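Trainee: First, the structure itself, so that you have it in front of you.
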Amino acid sequence: MARVLAALGILLILHIAAASKLVCHMTNWAQYRPGSAKFTSDNIDPFLCTHVIYSLATINSFNQISPVEWNDEEQYNKLNSFRNVNPALKTLLSVGGTVNGVSPFIAVVASPESRTSFIRSAISFLRSHNFDGLNLAWEYPGHNGSPEEDKENFSLLVMELSKAFEDETRGNRSQLLLSASVASLRPTIDRAYEVNKIATHLDFINVMTFDYHGSWEGFTGHNSPLYRSSVDTGAYIHHNIDSSISYWLALGAPAEKLLLGFPTFGRTFRLNSSSSLLGAPANGPADAGPYTRTAGFWAYYEICSFLSSATVEWISEQEVPYATYGTAWVGYDDMRSYSSKVQWMTANNLGGAHVWTLDMDDFGGSFCSAGTYPLINHLRMSMGFAPKPTTTPAPTTTKDPMAEFCRGRPDGLYTNPADRNTYFQCFRGNTYLQRCQPGLIYWDSCKCCNWP
């Protein structure tokens, strides 16, 4: 086993209490937000998440993967360069979206020939841009086409992709990962997925446990409640995390492959009565946020600004907060609700969490007075991950040799002559002390931890 680890160059950087994933999405349209809300691959913290999914690429008329933004390829390169800093980080490219309101996957899955063309394109594109895998962002198969046929064809695409990824692996090259972002509401799940067929062939499944309620409804409701509330009736009794995940499990999805969705945004409403309770009458969204500039939701950093003058309430039935000011109502997540969801996730033995999105947390730390990425850092800690590497501040009287080690050195990994159980990691001139797992020592020849 030790030889395999050495051959593959696996670096044991993140020591996680359980076999959990913390998968974080980033979006290529966040670069167009103004001021300190602008987000690109440069804002990635390479030690924050186990996986980063870049959203979004599309599919052209030749059934081939195609970039969307003018600088996508530049951002791909920057994102994937962070694996030189943290080789344990995995990156995936998310493909999907809509073209004129129709999913491009409808044409892709329609025939064996179109699926083969897409699969060849996917492998070539992922390898040429140095991604570790592919995420299928087809949350609503059957929504635009023939539901039963699309559902079956989607299963075929997943199975054929998995087989092609396995066949393509050779030598020391790691097999490409395959994941999917999937719906959380029961009618869509029934219409869209053959769960027991696709789950076997996916490495992990991002269940989008948010958008349960929004300004399209005539009453206030929480974006991502953990449980049903007493005001939920009819089909709304299933608009919650507990119901969604339970249904995926009942349909045959392995718990260890399901990732619980953690939103870094809230859904807004405009109240049209004196009531501000859960289920209060509403008429459309509150004003768009100054940075996301889209009616109906606010990023967490916009919510932080709102909270300074708002009244905050806790929905004990659903383990989530909401806030009101004037006619504006927002249901959102905070550190307390994240902790409740992690406890539920752990109790149900899920494979981990996925976050939508990095760019809507307070990634720069300039809005919430709680440091950078306050929600995701709290999520990471709540899941039992080891603390991220930090620099050791130099004493005021004499220079600290460890803190000075990386000054002037290129980014990379270096031997710690004083302790073979540890090693130095240099990133942007800062020194990080990493520790091998018990019984292993650092070998500079493979840049990895291995047996003595």
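Trainee: Under 25 Å between alpha carbons, and skipping anything fewer than 8 positions from LYS151 in its own chain: which lysines qualify?
Mentor: Counting by Cα, and skipping residues close in sequence, LYS151 has these lysines nearby: LYS163, LYS197, LYS257.
Trainee: Heavy-atom accessible area per residue, the chain, 1.4 Å probe: how many Å²?
Mentor: 42 Å²
Trainee: Report in % the part of the accessible area of the chain that belongs to carbon and sulfur, leaving out ligands and nucleic acids; probe 1.4 Å.
Mentor: Values: 9840 of 18840 Å².
Solvent-exposed carbon and sulfur of the chain make up 52 percent of the total.
Trainee: In a Debye calculation with equal point scatterers on the alpha-carbon sites of the range 117-262 and no solvent, what is log10 I(q)/I(0) at q = 0.08, 0.19, 0.20 Å⁻¹?
Mentor: With one equal scatterer per Cα and no solvent, log10 I(q)/I(0) is -0.26, -1.13, -1.21.
Trainee: Further question on the same structure: Report the local net charge at SER111: Lys and Arg +1, Asp and Glu -1, summed over other residues whose C-beta lies under 13 Å from its C-beta.
Mentor: -4
Trainee: Any idea what the dipole of the chain comes to, in debye rounded to 20, about its Cα centre with Lys/Arg Cβ at +1 and Asp/Glu Cβ at -1? Mind showing how you got there, number by number?
Mentor: Values: 33 positive and 40 negative charges, 238 e Å.
Once rounded to the nearest 20, the dipole reads 1140 debye.
Trainee: Using only the alpha carbons, work out the radius of gyration and Dmax of the range 240-356 in angstrom.
Mentor: Taking only Cα atoms of the range 240-356, I get Rg and Dmax of 15.8, 46 Å.
Trainee: Which order do LYS341, LYS447, LYS38 take when ranked by solvent-accessible area (1.4 Å probe, heavy atoms of all protein chains), largest first? Can you show the working numbers first?
Mentor: Numbers: LYS341 0, LYS447 75, LYS38 105 Å².
Largest accessible area first, the list is LYS38, LYS447, LYS341.
Trainee: Per residue of the chain, what 222 nm ellipticity follows from adding -39500 (n - 2.57) for every DSSP H run with n ≥ 4, rounded to the nearest 500? Please report the intermediate quantities before stating the final value.
Mentor: Numbers: 12 runs with 115 residues, N = 452.
About -7500 deg cm²/dmol.
Trainee: Follow-up. Under 8 Å for C-alpha pairs, at least 6 residues apart: give me the relative contact order for the chain, rounded to a whole percent.
Mentor: 16 percent
Trainee: Calculate the FRET efficiency for ASN77 and ASP444 from the Cβ-Cβ distance with a Förster distance of 22 Å, rounded to the nearest 0.05.
Mentor: 0.25
Trainee: Keeping all protein chains in the complex and leaving out DNA, RNA and ligands, what accessible area do you get for SER181 with a 1.4 Å probe, in Å² to the nearest 10?
Mentor: Its heavy atoms expose roughly 10 Å² to the probe.
Trainee: Another question, if that's okay. How large is the convex hull of the Cα atoms of the range 314-379 per residue, expressed in Å³ as a whole number? Please report the intermediate quantities before stating the final value.
Mentor: Details: hull volume 6.9 nm³, N = 66.
Per-residue hull volume (Cα only) is 105 Å³.
Trainee: Now, a different point. For the range 148-188, list log₁₀ I(q)/I(0) at each q in 0.17, 0.24, 0.25 Å⁻¹, using the Debye formula over Cα point scatterers of equal strength and ignoring solvent, two decimals each.
Mentor: Each listed q corresponds, in turn, to -0.60, -0.87, -0.91.
Trainee: Hey, another quick one. Can you sort THR233, THR58 by solvent-accessible area, 1.4 Å probe, largest first?
Mentor: On the way: THR233 90, THR58 30 Å².
So the residues, ranked largest to smallest area, are THR233, THR58.
Trainee: Given 4 °C and 1.567 mPa s, compute D for the range 39-178 with the Stokes-Einstein relation, Rh being the Kirkwood radius over Cα pairs; round to the nearest whole µm²/s.
Mentor: Details: Rh = 15.7 Å.
Rounded to a whole number, D works out at 83 µm²/s.
Trainee: Another question about this same structure. Reachable lysines from LYS388, Cα under 21 Å, same-chain residues fewer than 8 places away excluded?
Mentor: The qualifying lysines are LYS21, LYS78, LYS90, LYS447.
Trainee: Separate question: For the full complex of protein chains and a 1.4 angstrom probe, list THR40, THR200, THR220 by accessible area with the highest value first. Please list the in-between numbers first.
Mentor: Numbers: THR40 25, THR200 95, THR220 5 Å².
The ordering from most to least exposed comes out as THR200, THR40, THR220.
Trainee: Sticking with this structure for a sec: Along the charge dipole of the chain, which of PRO225, THR98, LEU126 sits closest to the positive end, that is, farthest toward it, with unit charges on the beta carbon of Lys, Arg, Asp and Glu (+1, +1, -1, -1)?
Mentor: After comparing all options, I get LEU126.
The values are calculated or read from the model by the stated rules, or taken from the named source; none is laboratory data. Computed from a prediction, not measured in an experiment: that's the story for all the values here. Counting neighbours? That spans all protein chains shown, and the Cβs are built from the backbone with ideal geometry, glycine included. Side chains are part of the model used for accessible areas, which takes the heavy atoms of the whole protein and leaves out ligands, DNA and RNA. Shrake-Rupley method; radii C 1.70, N 1.55, O 1.52, S 1.80 Å.
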